[in-house]
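Written out below as structure tokens is the structure these notes cover.
Please treat every number below as a calculation from the coordinates, not as lab data. Keep in mind that what you see is a predicted model, and the values were worked out from it rather than measured. A quick note on method: Cβ atoms are made from the backbone with ideal geometry, for glycine too, and the neighbour counts reach across all protein chains shown.
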Amino acid sequence: NTATDSYSDNVIFGQCQQTVQDKCLHIIVRNQYTYLGFFADDISGVTLLSTNTWYHMGYVYDYSTKTQYIYVNGVLDVSGSPKGPYQGTMGNLTIGTNVIYFPNNYWDGCIDQVSYLALAKKQVLPL
């Protein structure tokens, strides 16, 4: 649930080893669009998100095909390849901020649930 319509980065989740290509995961809403990045190897959604609205968002990376996927409310919003692979193995996992954006760009809204699955799902269904 995004609380602001400001045009900026609102971080959902991150893990950053270094700010170099493929070593800094950032899952954000950028200018009201979903965004999945490995730092300089990124993909942006096409669905404009409204403020004060709950969304189920799924961010998926399939290592076997080197493809990034973003789902909004269970529907594929965008996919792109070849991307990555993500190579970060160290760094703190963060929710609502990321070290590359710290101390700015905190998530402005509510996050109900964050889940990590170590497999690529072909379908992401809303809860």
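Ordered by packing density, taken as the mean number of other Cβ atoms within 10 Å over each peptide's residues, highest first, how do 14-24, 107-117, 75-85 rank?
The packing order, highest mean first, is 14-24, 75-85, 107-117.
Can you put T53, T94, T34 in order, fewest other beta carbons within 10 Å first? All intermediate terms of the calculation are to be shown ahead of the outcome.
On the way: T53 9, T94 19, T34 24.
Going from sparsest to densest Cβ surroundings: T53, T94, T34.
For region 1-75, the square roots of the Cα gyration tensor eigenvalues, ordered a ≥ b ≥ c, give a/c of at least 1.5 with a/b no greater than b/c, which places it in the oblate category.
Among Y71, Y33, Y106, a tally of other beta-carbon atoms within 10 Å of each Cβ gives an order, fewest to most, of Y106, Y33, Y71.
Taking neighbour counts of Cβ atoms within 10 Å as a proxy for exposure, in what order, fewest first, do I100, I95, I43 appear?
I95, I100, I43
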